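Everything on this sheet refers to the single structure shown next.
The values are calculated or read from the model by the stated rules, or taken from the named source; none is laboratory data. Quantities reported herein were computed from a predicted structural model and do not represent experimental measurements. Here Cβ is always computed from backbone atoms with ideal geometry, including for glycine, and neighbour counts include all displayed protein chains. Ligands, DNA and RNA are stripped out before the accessible areas are found, and what is left, the full protein with its side chains, is counted by its heavy atoms. Shrake-Rupley method; radii C 1.70, N 1.55, O 1.52, S 1.80 Å.
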Amino acid sequence: MNLRTAFERGLLVVGIGVLAAPPTAARGVERQSPDLGAARALFRTNLDAIRRRDRAAYLACYLESDSLARTGPVGFRLGFKDLADRTGANDWPDFFDASDLKLAPVREGIVYGTYRYRVRYGEDEQSGLSERLFVSTPRGWRIAVTTAFPAPPGTPPPPRALVGATLIDGTGKPPVRDAVVVLRDGKIECAGPRTRCRVPAGVDTLDLGGLWITPGLVDAHVHFSQTGWVDGRPDALDARDVYPYEQVEERLRSHPETWFRSYLCSGVTAVFDVGGYPWTVAMQRQARGDPRAPHVAAAGPLLSTLDFWLNLPAERQFIYLKDEAVARDGVRYLESLGSAAVKVWFIIAPGRDFDEMARAVAAAGDEARRSGLPLIVHATGLREAKAALRAGAKVLVHSVWDRPVDEEFIRLARAGHAIYCPTLTVADGYARVYESVRTGKPPAIDDPLGCVDSLTLAHIASTPAVGAGRLDPSRGADPSGLAQLRGIMAANLVRVHRAGIPIAMGTDAGNPLTLHGLSVHAEMEAMQAAGLSPMAVIVASTRGGALAMGKLDEFGTVQPGKAADLLVVAADPLAGVANLRRIRYVIRGGEVRPLDELRVRR
Ligand SMILES: [Zn+2]
């Protein structure tokens, strides 16, 4: 959008008026001054006109005079005729929110007011502050001066109080009925029963009676370097002749907003990218201060005991963990890059001695400790998992799935304060791809909320056609193996949880059919089906994820001082975590967005 249209649109915003319910605190003032009531009524009239896209009613709110003054980011305009000429059919916003209306009488017959706005024209969103001056005329109250200025990036949204919901705060404590949560400056100011957390004077309220609030969900295991389909994983199904890998990666690098949106749309307000290209580390900064992105922490390139080929010609996501020297060099490189963690892919590499690999992993752990970075290890075998814990792993990013965990494993995990991130459903995605190619039927897509972008949907629908003739026939031929894995993973999750080891929900999103965002719901449901209580799953999907990211002091629970990242759902998640799909609002950094605003498809 160019500045001229920004100016015009900014001015149209001025006419939007107040969407939110009238701030209760202002009513007392209004009783003292009929002028304030009249000014507020004019706001409403104006708002209705915008809603109905009624140009005549909209223009009727303004002073029909050559002195009607309007100011936007590029300057000043005068005259009613100019406004009328510039108000056209295409100027109405697709979405708007207006709140935090403040009115002050200047003198009899003149009222000054401001409010905060947020508007969206297509994909272009702007927030800002709008002023106006209302005057009493023989023909009624009119707007005589209007201004609108976009807020600088990082400006927190206006304060808001969420009233009447049942609060599940993420700590595991019993829910609080009829709760109040006050959001201010992007953070939680207070949360609790109405008697303890009061709605401050002048703060707009949002009535959430009959709904449930949880912390925003945290996916502690994602990969922004992968698409959720086979084009990002040619090792699973090689379609590089149709989807050149370097082009796939370039799209991922240059369009993070696709996934940012699908995460928020799914209720996910923080993600941990535990392995990818170096640019994933830069996404941490990109997402910071962007209310349309989840919090992002990223580990960057992985240190892998297997010399894996899936790299770009001039960029690596896998650093071959050949020996202890590479381990130390690799960790220092990650530290210089700004990585949030050191991720090790501990794969039993054919022809390598186990102890020799374990020593390299231990060296990575030692160097990680020295540089203050947590060690995260992909370890699906009990032996690797124990070696990882001995090396100081803080997060184990997959289930142990080759055999039941034992006492020694539990002892090591406890002693090292490790967190267990089970990723129960990622293997199913691969199985569903292979099955789709075999049967010729496109895989079903679990997207009831409408969060998945059209390109991803089209790719998934094309799976049988793309897979035909390209799938290695040995892949996924024996589904019984998967059933066995599932059983071991479920039992291990319950055992680890009962032993008091913290659990963090993670999906491994980006892998084929483990879609960015939506896949958290299937994962949480699988955790519940494995034997965790809904409360335990919610804690793992909020507090546990924040703990795994090392960000529990910033988010993960609904407590004063933490980020105002919340999920509002229409049914009780303690009756079953599938109810977390029934999203009404997603709140990130205090910005309250109805689900409809985040959907790709409506
Ligand atoms: Zn992974």
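Table for the structure above
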{"item": "Failed condition for E246, given (1) touching a strand residue (DSSP E or B) at 6+ places or on another chain (Cβ under 7 Å); (2) assigned to a loop (DSSP other than H, G, I, E, B); (3) away from the ligand (no atom under 16 Å from the Cβ)", "result": "(2)"}
{"item": "Filter result for R251 (assigned by TED's automatic domain parsing to the domain that holds V395, in a loop (DSSP other than H, G, I, E, B) and surrounded by fewer than 17 Cβ atoms within 10 Å (Cβ to Cβ))", "result": "no"}
{"item": "P464 open to solvent by 30 Å² or more (accessible area, probe 1.4 Å) and either more than 16 Å from the ligand (Cβ to nearest atom) or aliphatic (A, V, I, L, M) (or both)", "result": "no"}
{"item": "The lone exception for E257 - which of (1) open to solvent by 20 Å² or more (accessible area, probe 1.4 Å); (2) at pLDDT 95 or above; (3) assigned to a helix (DSSP H, G or I) it fails", "result": "(2)"}
{"item": "Matching residues, the stretch 552-583, being under 15 Å from the mean Cα position of the chain (by Cα) and surrounded by fewer than 17 Cβ atoms within 10 Å (Cβ to Cβ)", "result": "E554"}
{"item": "Test: residue in the stretch 531-540 that is in the same structural domain as E407 (by TED's automatic domain parsing) and within 16 Å of the ligand (Cβ to nearest atom)", "result": "no"}
{"item": "Criterion (open to solvent by less than 40 Å² (accessible area, probe 1.4 Å), assigned by TED's automatic domain parsing to the domain that holds I419 and under 20 Å from the mean Cα position of the chain (by Cα)) met by exactly one of A504, A490, A499", "result": "A504"}
{"item": "Any hit, the stretch 18-32, residues being modelled with pLDDT of 85 or more, under 27 Å from V203 (Cα atoms) and buried (at least 17 other Cβ atoms within 10 Å of the Cβ)", "result": "no"}
{"item": "Subset of the stretch 528-559 (residues that are closer than 18 Å to L167 by Cβ and touching a Lys or Arg at 6+ places or on another chain (Cβ under 8 Å))", "result": "F555, G556, T557"}
{"item": "Total residues in the stretch 343-394, condition within 16 Å of the ligand (Cβ to nearest atom), out of contact with any Gly (no Cβ under 6 Å at 6 or more places or on another chain) and of a type in the set (A, V, I, L, M, F, W, C)", "result": "10"}
{"item": "Selection status of D238, at pLDDT below 95, assigned by TED's automatic domain parsing to the domain that holds A427 and in a helix (DSSP H, G or I)", "result": "no"}
{"item": "Pairs, first within 19 Å of A540 (Cβ to Cβ) and not assigned by TED's automatic domain parsing to the domain that holds S474 in the stretch 421-438, second part of a loop (DSSP other than H, G, I, E, B) and within 16 Å of the ligand (Cβ to nearest atom), C-beta under 8 Å, six or more apart", "result": "none"}
{"item": "Positions within the stretch 99-154 being in a loop (DSSP other than H, G, I, E, B) and in contact with a strand residue (DSSP E or B) (Cβ under 7 Å, 6 or more places away or on another chain), in sequence order", "result": "G109, A151"}
{"item": "Search result, residues across the stretch 193-241 that are small (G, A, S), open to solvent by less than 20 Å² (accessible area, probe 1.4 Å) and either more than 19 Å from V274 (Cα to Cα) or without any contact (Cβ under 8 Å) to a residue 60 or more places away in the chain (or both)", "result": "G202, G216, A236, A239"}
{"item": "Residue match in the stretch 278-292 (condition: aromatic (F, W, Y) and within 16 Å of the ligand (Cβ to nearest atom))", "result": "no"}
{"item": "Pick from the stretch 426-457, criterion among the hydroxyl-bearing types (S, T, Y) and more than 20 Å from the chain's Cα centre (by Cα), ranking: nearest to the ligand (Cβ to nearest atom)", "result": "Y430"}
{"item": "Subset of the stretch 395-425 that is within 22 Å of the chain's Cα centre (by Cα) and at pLDDT 95 or above - its residue that is nearest to the ligand (Cβ to nearest atom)", "result": "T423"}
{"item": "Selection count, the stretch 533-547, where residues are open to solvent by 10 Å² or more (accessible area, probe 1.4 Å) and farther than 14 Å from L566 by Cβ", "result": "6"}
{"item": "The stretch 343-378: number of residues that are of a type in the set (D, E), part of a helix (DSSP H, G or I) and open to solvent by 40 Å² or more (accessible area, probe 1.4 Å)", "result": "3"}
{"item": "Residue in the stretch 217-228 that is more than 16 Å from the ligand (Cβ to nearest atom) and farther than 20 Å from L312 by Cβ present", "result": "yes"}
{"item": "Any hit, the stretch 472-480, residues being in contact with a helix residue (DSSP H, G or I) (Cβ under 9 Å, 6 or more places away or on another chain) and open to solvent by less than 30 Å² (accessible area, probe 1.4 Å)", "result": "no"}
{"item": "Residues satisfying the stated conditions in the stretch 104-138, i.e. closer than 18 Å to R40 by Cβ and among the β-branched types (V, I, T)", "result": "V106, I110, V111, T114, V135, T137"}
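Each row is one residue, and each column tells you yes or no for (1) in contact with a strand residue (DSSP E or B) (Cβ under 6 Å, 6 or more places away or on another chain); (2) over 19 Å from G228 (Cα atoms); (3) open to solvent by 30 Å² or more (accessible area, probe 1.4 Å); (4) part of a helix (DSSP H, G or I).
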| site | (1), (2), (3), (4) |
| --- | --- |
| G276 | no, no, no, no |
| D290 | no, yes, yes, no |
| W309 | no, yes, yes, no |
| D329 | no, yes, yes, yes |
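Okay, residues lined up against (1) among the charged types (D, E, K, R); (2) in contact with a helix residue (DSSP H, G or I) (Cβ under 6 Å, 6 or more places away or on another chain); (3) outside any strand (DSSP E or B); (4) open to solvent by 20 Å² or more (accessible area, probe 1.4 Å):
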{"residue": "A49", "(1), (2), (3), (4)": "no, yes, yes, no"}
{"residue": "R53", "(1), (2), (3), (4)": "yes, no, yes, yes"}
{"residue": "Y58", "(1), (2), (3), (4)": "no, yes, yes, no"}
{"residue": "E64", "(1), (2), (3), (4)": "yes, yes, yes, yes"}
{"residue": "S67", "(1), (2), (3), (4)": "no, no, yes, yes"}
{"residue": "R70", "(1), (2), (3), (4)": "yes, yes, no, no"}
{"residue": "R77", "(1), (2), (3), (4)": "yes, no, no, yes"}
{"residue": "K81", "(1), (2), (3), (4)": "yes, no, yes, yes"}
